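Just so it is clear, none of the values below were taken in a lab; they were calculated from the coordinates. The structure displayed is predicted, hence computed values, not measured ones.
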Amino acid sequence: MAAKIIGHSEGNRQLGGGKNASYQSHVDPGNGAANKGSFSAQGSNVAGMTPEQADAYWNNKLKTEAMPRLNKAAAKAGVELTEKTGHELSGSIHPIAIGRHGR
């Protein structure tokens, strides 16, 4: 589900979950890096991976790192996240959600 939600937000998936041409590879307009997959994955963590492998990598990151952190922060703030909202937030702010930046 996360790949479809975030992929649609990133422009790499259609509303029903089908894949757009950009799913395979596209240039990030912000930094010029090569992106792949639903999550517009880039960088050394996904170098050499297929778009499907990059999706699996990020699905695992969301499940094991991002969502638990977001749920904990939301609970602390008295907010209950839906699965869809949590996925959208973690896709938009994934470096923070997995603890790479901030607190």
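Extension gain ALA33-ALA56, at 0.36 nm per residue separation less the Cα-Cα distance, in nm?
My answer for the length gained is 6.3 nm.
Can you list residues from other chains, or at least 5 along the same chain, whose modelled amide H is less than 5 Å from the amide H of SER38?
For SER38, whose amide H was placed from the backbone, the distant partners under 5 Å are ASP55.
Could you derive backbone 3J(HN,Hα) for the range 7-17 from the dihedral phi with the Karplus parameters 6.51, -1.76 and 1.60 (θ = phi - 60°), listing whole Hz in sequence and x where the residue is Gly or Pro?
After applying 6.51 cos²θ - 1.76 cosθ + 1.60, I find x, 5, 4, 7, x, 9, 9, 7, 3, x, x Hz.
May I ask you to evaluate 6.51 cos²θ - 1.76 cosθ + 1.60, the Karplus curve with θ = phi - 60°, for each residue of the range 66-78 and list the ³J(HN,Hα) values in order in whole Hz, giving x for glycine and proline?
Calculated HN-Hα couplings, in order: 5, 4, x, 5, 5, 4, 5, 5, 5, 4, 4, 8, x Hz.
Please list, in order along the range 26-39, the HN-Hα scalar couplings obtained from phi with the Karplus expression 6.51 cos²θ - 1.76 cosθ + 1.60 (θ = phi - 60°), rounded to whole Hz, x for Gly and Pro.
Residue by residue, the range 26-39 yields 7, 8, 5, x, x, 10, x, 6, 6, 10, 8, x, 4, 8 Hz.
Check which residues have an amide H placed less than 5 Å from LYS19's amide H, if you skip close sequence neighbours.
GLN14
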